[in-house]
Amino acid sequence: MWATGKGAGKACLLRSSDDGGRTWSACREIAEWGWTGEIVLHRAANGDMVAACRLSLEQYLPKHMGIDHFAGIGTSVSGDNGKTWSELSMLYAWGRHQTSMVTLDNGDIVLTYVVRQGYVDTADGYPQFGIEAVVSYDHGRTWDLDHKYILAVWKGNRKGPDAWYASPQRTSTVLLPDGSLITVFGTGYRSSPPPPGAQNHIPQDIALVRWRPHNKELTADDTISSADFLSDTRNVFDPRTSKYAMTIVS
């Protein structure tokens with residue numbers, strides 16, 4: 001599975017195998033995944049397939065300014081093993097992407113992702129970045145955006161066009177035997193401009209957060225979920241600035 005590009009006339013193509021990867025089908029365009037890329041597939045507990053897609057909406061492309069941090073997240077579900085797919089359910093219009101999914105023992109799906117845009121600047125004008133997670137209680141059909149988990153938040157170390165150097169990269173989350181989760185991600189929070197002749201800013205670190213979704217009763221608040229997915233209510237957030245989230249404590 002891969003994308004031919006983000007724009008008019010571009011598409012996400014899917015190939016499938018029924019024999020353990022020995023042979024593959026012809027490429028098939030998934031029309032419901034237009035303007036997306038970096039798609040992550042996951043098998044839900046009920047057998048459905050869930051696709052978490054990186055959105056690149058046309059109206060936000062001019063804001064990219066040479067970087068791709070204004071992409072968002074949409075999800076699509078297949079109930080027939082990938083033959084057909086639902087229209088995208090829009091979670092975030094911009095600033096959040098690079099997802100990972102894991103199914104808990106009770107069937108809930110946890111979706112983790114990076115936050116590269118959408119956190120307000122600090123009082124002294126520095127950007128903030130982070131890692132978040134949301135949960136689906138219906139096998140990926142809907143997501144509880146109003147009770148998201150803030151797994152990590154950090155303050156950028158520079159302003160201006162190179163402020164993105166401190167941003168996160170990717171997420172990967174696994175379920176441990178004791179029911180806790182480990183989310184791994186890349187971060188440039190210690191980064192500095194690349195030295196002469198180098199292509200990338202350094203250092204780029206790998207961080208881990210061990211955490212556990214709580215089992216307390218949730219409020220009925222749906223302010224974020226019911227807001228338009230293009231709105232600031234959905235996409236802009238003021239996190240509590242800290243280092244990385246603390247690991248589980250007894």
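The numbers here are math on the coordinates, done by the rules we state, and not lab data. Since the model is a prediction, treat every value here as computed from it, not as a measurement. Here Cβ is always computed from backbone atoms with ideal geometry, including for glycine, and neighbour counts include all displayed protein chains.
Observations, loosely collected:
- Cα-projected label distance for Tyr137 with Ile206, points at 7 Å along beta-carbon direction, nm: 3.5 nm
- Radius of gyration over Kirkwood radius for region 84-177, both on Cα atoms: the Rg/Rh ratio is 1.03.
- Summed residue charge, Cβ within 12 Å of Arg15's Cβ, Lys/Arg positive, Asp/Glu negative: -1
- Environment charge at Ala227 (Cβ cut-off 12 Å; Lys +1, Arg +1, Asp -1, Glu -1): -4
- Cα centroid separation, region 17-93 to region 114-148 (Å): 19 Å
- For region 119-158, the residues whose backbone nitrogen is under 15 Å from a point 7 Å from the Cα of Lys216, taken along Cα to Cβ, are 147-150.
- Loop-located trypsin sites (Lys or Arg not before Pro) in region 35-132, at most 10 other Cβ atoms within 10 Å (DSSP): Lys83
- For Cα extents along the principal axes in Å, the value computed from the atomic coordinates appears in the list [x] 72, 60, 39; [y] 52, 47, 37; [z] 55, 41, 37 under label [y].
- Qualifying chymotrypsin sites (Phe, Trp or Tyr not before Pro) in region 102-185, DSSP loop, other Cβ atoms within 10 Å at most 15: Tyr137
- Local electrostatic count at Ile131 - Lys and Arg +1, Asp and Glu -1, tallied over other residues with Cβ under 12 Å: +3
- Difference of contour (0.36 nm per residue) and Cα-Cα distance, Thr122 to Leu104: 3.0 nm
- Residue range of the chain that is longest and free of GluC sites (Glu not before Pro) which are both DSSP loop and sparsely packed (at most 15 other C-beta within 10 Å): 88-216
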